[in-house]
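Before any comments, here is the structure.
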Amino acid sequence: MEGYKLFLAFLASALLLGFLSVVFALLWVLHYREGLGWNGGSAEFNWHPVLMITGFVFIQGIAIIVYRLPWTWKCSKFLMKLIHAGLHTIALTLAIISLVAVFDFHNAQNIPNMYSLHSWIGLTAVILYALQLVLGFVVFLLPFTPTSLRTALMPIHTYSGLLIFGTVIATALMGITEKLIFSLNIIPYRDSPKEAIFVNVLGVLIVAYGAVIMWMATRPHWKRPLEHVFQTHQRIGEGFSEEDCHNPDLEISSDGAARKRNPKSDETGQRSTM
């Protein structure tokens, strides 16, 4: 891999920033807010930011870059597809639970639902994310999907995945800011109380995490090489060129060869970044 040490530095930064974001979210609701619970009160609402940041931000980011971890390149593409889809499924599950928490809280407190821009964009992001996951499963995991269809849909799949991730980052920032404005009564948000500063730092961590993930996901020289190219270079001890990593003609040839070797396994199609 070209720039291996730099990749490791970005990966370590992403893990640290993502972990700190989750920790800050937990400290926020446990120290400054009412804690966590499931009783229709504020403690139930607090599951919303915690689960969204944990699943929809942190885990989704890891799912996006999991293909680029060089020590996974020896694993079969089908296995990596399952890991990729599994992480996204966990992220979606946590997001849905967080939505249940916030709707349940609103209904218990007679607060209107879906009135803010945060709620509009947030729910749209969850719906699009679910559609992305379902379509990704059908197109890239099921063995009967034509390779030509996978090749045609891969750019759309990649772009929409990054677009949804960026939208989630923006929605999270709107959400934590909205919560501060509504909740800070004694010392208003504009006077910068300790809680506001703490949550602003959380927002900076989320943005920094998203920026690192997007940078890693868009570097062509950090892309997982085609499986047959990796095996060939591994045998002869050569490095990879950028063309080796994303040549669609080579990918299609590799797909056909993989199907002939083992028609029951799904080693076809390009990798996805849901």
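Observations on the structure shown:
- Amide N of segment 91-126 lying under 14 Å from the label point, which is placed 7 angstrom from the Cα of residue 181 along Cα→Cβ: 115-120
- Remark: segment 63-126 carries 46 Å² of accessible area per residue (probe radius 1.4 Å; ligands, DNA and RNA excluded).
- Accessible-area order (highest first, 1.4 angstrom probe) of the listed residues 115, 159, 209: 159, 115, 209
- Segment 6-11 - phi-based ³J(HN,Hα) in whole Hz, Karplus 6.51/-1.76/1.60, Gly and Pro as x: 5, 4, 4, 5, 5, 5
- Whole-number D in µm²/s for segment 1-227 (Stokes-Einstein; Kirkwood sum over Cα pairs; 20 °C, 1.002 mPa s): 114
- Heavy-atom accessible area, probed at 1.4 angstrom with all protein chains present, ranks 178, 34 as 34, 178, highest first.
- For segment 175-181, backbone phi angles converted through the Karplus equation (6.51, -1.76, 1.60; θ = phi - 60°) give residue-by-residue couplings of x, 5, 5, 4, 4, 5, 4 Hz, Gly and Pro being listed as x.
- Between residue 167 and residue 110, the modelled label-to-label distance comes to 3.4 nm, taking each label 7 Å out from Cα in the direction of the beta carbon.
- Fraction of accessible area attributable to carbon and sulfur, segment 1-150 (%, probe 1.4 Å): 76
The values are calculated or read from the model by the stated rules, or taken from the named source; none is laboratory data. Fair warning: this is a prediction, and the values are worked out from it, not measured in the lab. Please note: Cβ atoms are built from the backbone with ideal geometry, for glycine as well, and neighbour counts cover all protein chains shown. These accessible areas exclude ligands, DNA and RNA; they are computed on the full protein's heavy atoms, side chains included. Shrake-Rupley method; radii C 1.70, N 1.55, O 1.52, S 1.80 Å.
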